[in-house]
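Everything on this sheet refers to the single structure shown next.
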Amino acid sequence: MNAPRNTQYRHLEVHKIAGSLGAEVHGVDLSRDVSDQALAELRAALLDNLVIAIRDQNMTPAQQLAFARRWGEIHLHPFMEGMADYPEILAIIKRPTDKKNFGGSWHTDQMFSPCPAMGTMLYAKEVPSAGGDTLFTNQYLAYDSLSDAMKTIARQLRTVCVGDNFKSANGLSRKDRYSGQMSEMKVKDPGNVQTTSVHPLVRTHPETGRRLIYIGGHVQHFDGMTDEESQPLIDFFMRQSIRPEHTCRVRWQTGTLTFWDNRCTQHFAVNDYPAETRIMHRITVCGDQPF
Ligand code: SIN
């Protein structure tokens, strides 16, 4: 296993926000053409910290999209309608009358895809006066802190992941769960896009070479095992992931762009701001097949 990384930066200011993951980044303007050197340091900051909150940005959707394209191809959400002018951008909107929020449970993005998202960048357009934070986990630590015997068991398991009709939502479709609850978010039919996939529970990060527990709310059961056999183990690996010492919390400001590595984190959008508006622009970058 490779050791955790700790880069020295020349083009950015990077300050850790918690002991186990997460950093704030200053000193870069993403609305301009980011130099190759600054981009290389942003990649290093992401690989070192798993989640980077890049503060004080002022970007148009076109500028956010141009920045996202420097990281790879854009992933279109199979179930959620993008913005009319920018289908690659999902506007995550919660209004004062909305009861439910988008992303309000532990998950990692597009785990139901055969090649799940490498990373997600969320740009804060409007934030509540307090609350609306996003929590993150370090899935390397979820693996590293297991006993050797449990690591051996975990390495033999494969997860069956679905994009809709989750067990935890009593099998209800996204359409039924979201309608009347999130007034400005539109569910679409995924058509023939693959939205059920099987992945290794222990995944090797393709860039750092480190092993991690790859799990989230899309996991329904382990391949070849019944729900009854799977659920206690899923609960254990989820508890292991979200131990407080494996997490960090991003407090948003208008103009923060947070970029997280979906390959080695989970996240949870906290729904603690009734009667206020929160608006985010989300772009997801394509990833590769977990191994
Ligand atoms: C998401 O799960 O993509 C949304 C996270 C957030 O709004 O904080």
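Points worth noting:
- Residue match in the stretch 140-159 (condition: within 16 Å of the ligand (Cβ to nearest atom), touching a residue at least 60 places away in the same chain (Cβ under 8 Å) and crowded, with 17+ Cβ neighbours inside 10 Å): no
- For residue 39, the requirement of being out of contact with any helix residue (DSSP H, G or I) (no Cβ under 7 Å at 6 or more places or on another chain) and closer than 22 Å to residue 252 by Cβ is not met.
- On inspection, residue 112 qualifies as in a loop (DSSP other than H, G, I, E, B), closer than 29 Å to residue 69 by Cα, within 16 Å of the ligand (Cβ to nearest atom) and of a type outside the set (Gly, Ala, Ser).
- Screening the stretch 233-291 for residues that are within 16 Å of the ligand (Cβ to nearest atom) and acidic (Asp, Glu) and picking the one that is farthest from residue 81 (Cα to Cα) gives 272.
- Looking only at residues of the stretch 57-75 that are in a helix (DSSP H, G or I) and of a type in the set (A, V, I, L, M), we find that the one that is surrounded by the fewest Cβ atoms within 10 Å (Cβ to Cβ) is 62.
- For the stretch 111-128, the criterion of being within 21 Å of residue 286 (Cα to Cα), touching a Gly at 6+ places or on another chain (Cβ under 9 Å), surrounded by fewer than 17 Cβ atoms within 10 Å (Cβ to Cβ) and in contact (Cβ under 8 Å) with a residue 24 or more places away in the chain is satisfied by at least one residue.
- Among the residues of the stretch 155-166, not a single one is acidic (Asp, Glu), under 25 Å from residue 222 (Cβ atoms) and touching a strand residue (DSSP E or B) at 6+ places or on another chain (Cβ under 8 Å).
A short reminder: the numbers here are calculations on the coordinates, not readings from a lab. The model shown is predicted, which means the values in this text are computed figures rather than measured ones. Please note: Cβ atoms are built from the backbone with ideal geometry, for glycine as well, and neighbour counts cover all protein chains shown.
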